[in-house]
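First comes the structure, then the notes that go with it.
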Protein chains: 2
Amino acid sequence: MADVRSATAPTQFLAVNDDRYAYRRFGGGRGHPLLFLQHFTGTLDNWDPAVTDALAREREVILFDNAGVGRSSGRVPAKVAGMAQHALAFLDGLGVATCDVLGFSLGGMVALQMAQDRPSIFRRMILVGTAPRGGEDIMHLEKPGLARHFADPKLVGYAILTKIFFAPTQSSQAAGEAFIERLMQLAQRREDRDPPSGPEVAAAQIAAFREWERFTGERFADLKSIRHSTLVVNGVHDEMIPVSNSYRLVENLPNAVLLVYPDSGHGSLFQFHESFVRHASAFLSSDSRFAPF
Amino acid sequence: MADVRSATAPTQFLAVNDDRYAYRRFGGGRGHPLLFLQHFTGTLDNWDPAVTDALAREREVILFDNAGVGRSSGRVPAKVAGMAQHALAFLDGLGVATCDVLGFSLGGMVALQMAQDRPSIFRRMILVGTAPRGGEDIMHLEKPGLARHFADPKLVGYAILTKIFFAPTQSSQAAGEAFIERLMQLAQRREDRDPPSGPEVAAAQIAAFREWERFTGERFADLKSIRHSTLVVNGVHDEMIPVSNSYRLVENLPNAVLLVYPDSGHGSLFQFHESFVRHASAFLSSDSRFAPF
């Protein structure tokens, strides 16, 4: 059934040199394959099926555990550049020379680095809730607005996600609860699941965020050479990676459209999943050399 | 013919109290009527038929000369508030209790003021290349980047629009030339045209921009009460009204989606008219209480 693909697609493993990468691949259609690059501590089991399965109706989607995450071998690199190298090695091993990409949060940074390291790897890019190198206020979990949620003993399991991925309005919180419900349904898959990420994954990824905030030379100048058609998406009240980072992306990427959602935070793509899938599909279906769709 | 409506729709005149308003009304379909509010010095003859006629396929569109512009009577008010009063009087005279609105540049400011003065007048709003009260760097034609075009004797007739409405790239300039060509075709309509705006129109509208830059109390707080579903659109390299004004709009309007186009200036809706019409149509066709479409 098309709408339970996330729940049934088997995890596959690919050996490349001394590494082993866990991934899931499902869906199909006339579109180019779409690589999903995941957020902070997220595994194969953290993608919202309302997004992955809907996009899988017109193309093959590839969910991927980067090194040290889920059931992929190795350690999490402490720099985005190392994660980009692993993702490129994975695609090479899979025999994918060019694909589209949806990078969310940390995954968007990895996508930007990959596009710079090897421009031919991507045709079109979707970057959600992410930041350019040299961006501001990237995933500072220690700031009061976020720390209070991490310190709240009542927020067990997925519950914290309604606080850190959604805005503090009734409508956004309701969307957050619907999102959690979809993840819970997915969790009824009892076998073949990834282990949740532990503190060592979090620590290395946080180190990568800190390194990504640093820049040398002219700030954001590195973006000007990334000419891919790009769709940048952000929730206007994103506390984890503020929307100003998406402003800087489209001001410096030469060929990027920006879509900002109201009443939403870091998880805007999950809150407005129907709208997001409609826009993402229209964007990915375009063959224009310009990003507008 | 559907695609020459702008070229053939007769100008009509509506008397309200001592004022006479010029307008054109054409198209039809299941959508709500869509009021077009025009930019600095623009008349009924300055709307791009690629936008008006395409949107007229699914709804009635109403092009409107505000007081003192084109063949409307009276003087141009020196404040946006005065323009909003005239537009409301016009709609009252026409018997339109609620409509959708597309406000471009100055027209977007008038739309915001109308929404505040009488919320019931609009169902959904599209605001392109505009700014909230208290916005920054609004139409400072004296700044070097713009003044050099106004001082250039080679830029006669419509030619200046390619410079001030489009970005200084080959692709944007080519789009600018196509836009001018569409306006020239429209100008083959030899009768029933508006006179071009003179310096007194420009002076009063510039005064209105200066007044609109001023604010009292908490900056942008007035936007929080405008709860209409709103689509905000801007070109990323807009020199006339910088894109930061659109950022402030969606950060403070509670229910507004932002769409930013790359490689474009003030006239982004004309440069990417196919994409703009597609998004505007989808947005206007939605009956959701949320802006995302």
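The values are calculated or read from the model by the stated rules, or taken from the named source; none is laboratory data. Note that the coordinates shown come from a computational prediction; the quantities given were computed from them, not determined experimentally. Here the Cβ positions follow ideal geometry from the backbone for every residue, glycine too, while neighbour counts run over all protein chains shown.
Can you report the number of residues in the range B:56-67 which are more than 14 Å from the chain's Cα centre (by Cα) and crowded, with 23+ Cβ neighbours inside 10 Å? Lay out the reasoning, then the answer.
Here is the first cut: in the range B:56-67, the ones more than 14 Å from the chain's Cα centre (by Cα) are B:56-60, B:67.
Adding the requirement that they be crowded, with 23+ Cβ neighbours inside 10 Å leaves B:56.
Of the residues in that region, 1 qualify.
Spot the failing condition for B:VAL76; the list is (1) in contact with a strand residue (DSSP E or B) (Cβ under 6 Å, 6 or more places away or on another chain); (2) more than 15 Å from B:TRP47 (Cβ to Cβ), and only one is missed.
If we test B:VAL76 against (1) in contact with a strand residue (DSSP E or B) (Cβ under 6 Å, 6 or more places away or on another chain); (2) more than 15 Å from B:TRP47 (Cβ to Cβ), just (1) comes out false.
It is to be established whether one or more residues within the range A:265-284 are in a loop (DSSP other than H, G, I, E, B), crowded, with 22+ Cβ neighbours inside 10 Å, small (Gly, Ala, Ser) and within 12 Å of another protein chain (Cβ to nearest Cβ).
Going through the range A:265-284, the residues in a loop (DSSP other than H, G, I, E, B) turn out to be A:265-267, A:272.
Adding the requirement that they be crowded, with 22+ Cβ neighbours inside 10 Å leaves A:265-267, A:272.
Cutting the leftovers down to small (Gly, Ala, Ser) gives us A:265, A:267.
Then drop every residue that is not within 12 Å of another protein chain (Cβ to nearest Cβ), which leaves none.
Looking for residues that are in a loop (DSSP other than H, G, I, E, B), crowded, with 22+ Cβ neighbours inside 10 Å, small (Gly, Ala, Ser) and within 12 Å of another protein chain (Cβ to nearest Cβ), one finds none in the range A:265-284, hence no.
Looking at the range A:244-251, is at least one residue in a strand (DSSP E or B) and either in contact with a strand residue (DSSP E or B) (Cβ under 8 Å, 6 or more places away or on another chain) or modelled with pLDDT of 95 or more (or both)?
Within the range A:244-251, the first condition is being in a strand (DSSP E or B), and the residues that meet it are none.
Checked the range A:244-251: no residue is in a strand (DSSP E or B) and either in contact with a strand residue (DSSP E or B) (Cβ under 8 Å, 6 or more places away or on another chain) or modelled with pLDDT of 95 or more (or both).
Return a yes/no flag: does the range B:209-219 have any residue that is modelled with pLDDT of 95 or more, at the interface with chain A (Cβ under 8 Å from one of its Cβ atoms) and either assigned to a loop (DSSP other than H, G, I, E, B) or under 16 Å from the mean Cα position of the chain (by Cα) (or both). Walk me through it before giving the result.
Taking the range B:209-219 and keeping what is modelled with pLDDT of 95 or more, we get B:209-219.
Restricting the remaining residues to those that are at the interface with chain A (Cβ under 8 Å from one of its Cβ atoms) gives none.
No, the range B:209-219 contains no residue that is modelled with pLDDT of 95 or more, at the interface with chain A (Cβ under 8 Å from one of its Cβ atoms) and either assigned to a loop (DSSP other than H, G, I, E, B) or under 16 Å from the mean Cα position of the chain (by Cα) (or both).
For the subset of the range B:243-252 comprising residues that are of a type in the set (A, V, I, L, M, F, W, C) and within 9 Å of chain A (Cβ to nearest Cβ), which member is surrounded by the most Cβ atoms within 10 Å (Cβ to Cβ)?
For the range B:243-252, the residue satisfying everything is B:VAL250.
Yes/no matrix, rows are residues, columns are (1) touching a Leu at 6+ places or on another chain (Cβ under 6 Å); (2) at the interface with another protein chain (Cβ under 9 Å from one of its Cβ atoms):
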| residue | (1), (2) |
| --- | --- |
| A:LYS224 | no, no |
| A:VAL232 | yes, yes |
| A:GLY235 | no, no |
| A:ILE241 | no, no |
| A:PRO254 | no, yes |
| A:ALA291 | no, yes |
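Would you mind stating whether A:PHE179 is within 17 Å of the chain's Cα centre (by Cα) and not β-branched (Val, Ile, Thr)?
Values: within 17 Å of the chain's Cα centre (by Cα): yes; not β-branched (Val, Ile, Thr): yes.
Against the criterion (within 17 Å of the chain's Cα centre (by Cα) and not β-branched (Val, Ile, Thr)), A:PHE179 qualifies.
Of the numbered conditions (1) surrounded by 16 or more Cβ atoms within 10 Å (Cβ to Cβ); (2) free of Cβ contacts under 8 Å to residues at least 40 places away in the same chain; (3) hydroxyl-bearing (Ser, Thr, Tyr), A:SER120 satisfies every one except a single condition; which is it?
Condition not satisfied by A:SER120: (1).
Restricting to the range B:214-233, give me the number of residues that are more than 27 Å from B:CYS99 (Cα to Cα) and not β-branched (Val, Ile, Thr). Don't jump to the end; show me each part of the working.
Going residue by residue through the range B:214-233, those that are more than 27 Å from B:CYS99 (Cα to Cα) are B:214-219.
Now narrow it down to the ones that are not β-branched (Val, Ile, Thr): B:214-215, B:217-219.
Number satisfying all stated conditions: 5.
Any residue that is farther than 21 Å from A:ALA167 by Cα, among the hydroxyl-bearing types (Ser, Thr, Tyr) and touching a residue at least 24 places away in the same chain (Cβ under 8 Å) - is there at least one of those in the range B:215-237?
No, that holds for no residue.
Would you check if A:ALA22 is surrounded by fewer than 21 Cβ atoms within 10 Å (Cβ to Cβ), touching a residue at least 40 places away in the same chain (Cβ under 8 Å) and not polar (S, T, N, Q)?
On the way: surrounded by fewer than 21 Cβ atoms within 10 Å (Cβ to Cβ): no; touching a residue at least 40 places away in the same chain (Cβ under 8 Å): yes; not polar (S, T, N, Q): yes.
Criteria not met by A:ALA22.
Identify the single condition in (1) surrounded by fewer than 19 Cβ atoms within 10 Å (Cβ to Cβ); (2) among the charged types (D, E, K, R); (3) not in a strand (DSSP E or B) that A:ASP45 does not satisfy, given that it satisfies every other one.
All conditions pass for A:ASP45, except number (1).
Could you check the range A:88-119 and list, in sequence order, the residues that are among the aliphatic types (A, V, I, L, M), more than 18 Å from A:SER229 (Cα to Cα) and within 13 Å of the chain's Cα centre (by Cα)? Give the steps one after another, and end with the answer.
Pass one, the range A:88-119, residues among the aliphatic types (A, V, I, L, M): A:88-89, A:91, A:94, A:96-97, A:101-102, A:106, A:109-112, A:114-115.
Narrowing further to those that are more than 18 Å from A:SER229 (Cα to Cα): A:88-89, A:91, A:94, A:96, A:106.
Scanning the range A:88-119 gives a single hit, A:LEU106.
Yes or no, residue by residue, for (1) closer than 14 Å to B:SER6 by Cα; (2) assigned to a helix (DSSP H, G or I); (3) modelled with pLDDT of 95 or more:
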position: B:HIS39; (1), (2), (3): no, no, yes
position: B:ALA50; (1), (2), (3): yes, yes, yes
position: B:ARG57; (1), (2), (3): yes, no, yes
position: B:VAL76; (1), (2), (3): no, no, yes
position: B:ALA84; (1), (2), (3): no, yes, yes
position: B:LEU102; (1), (2), (3): no, no, yes
position: B:ALA115; (1), (2), (3): no, yes, yes
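Every residue, every condition in (1) of a type in the set (Asp, Glu); (2) farther than 18 Å from A:PHE104 by Cα; (3) more than 14 Å from every other protein chain (Cβ to nearest Cβ), yes or no:
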site	(1), (2), (3)
A:PRO153	no, yes, yes
A:GLN173	no, yes, yes
A:ALA187	no, yes, yes
A:ASP194	yes, yes, yes
A:ALA202	no, no, yes
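When you check B:ARG30 against the structure, is it over 19 Å from B:SER275 (Cα atoms), in contact with a helix residue (DSSP H, G or I) (Cβ under 6 Å, 6 or more places away or on another chain) and among the charged types (D, E, K, R), yes or no?
Numbers: over 19 Å from B:SER275 (Cα atoms): yes; in contact with a helix residue (DSSP H, G or I) (Cβ under 6 Å, 6 or more places away or on another chain): no; among the charged types (D, E, K, R): yes.
Criteria not met by B:ARG30.
Considering only the range A:226-239, state which residues are part of a loop (DSSP other than H, G, I, E, B) and either out of contact with any helix residue (DSSP H, G or I) (no Cβ under 6 Å at 6 or more places or on another chain) or surrounded by fewer than 24 Cβ atoms within 10 Å (Cβ to Cβ) (or both). Full working, then the answer.
Filtering the range A:226-239 for residues part of a loop (DSSP other than H, G, I, E, B) gives A:226-228, A:236-239.
Selection gives A:ILE226, A:ARG227, A:HIS228, A:HIS237, A:ASP238, A:GLU239.
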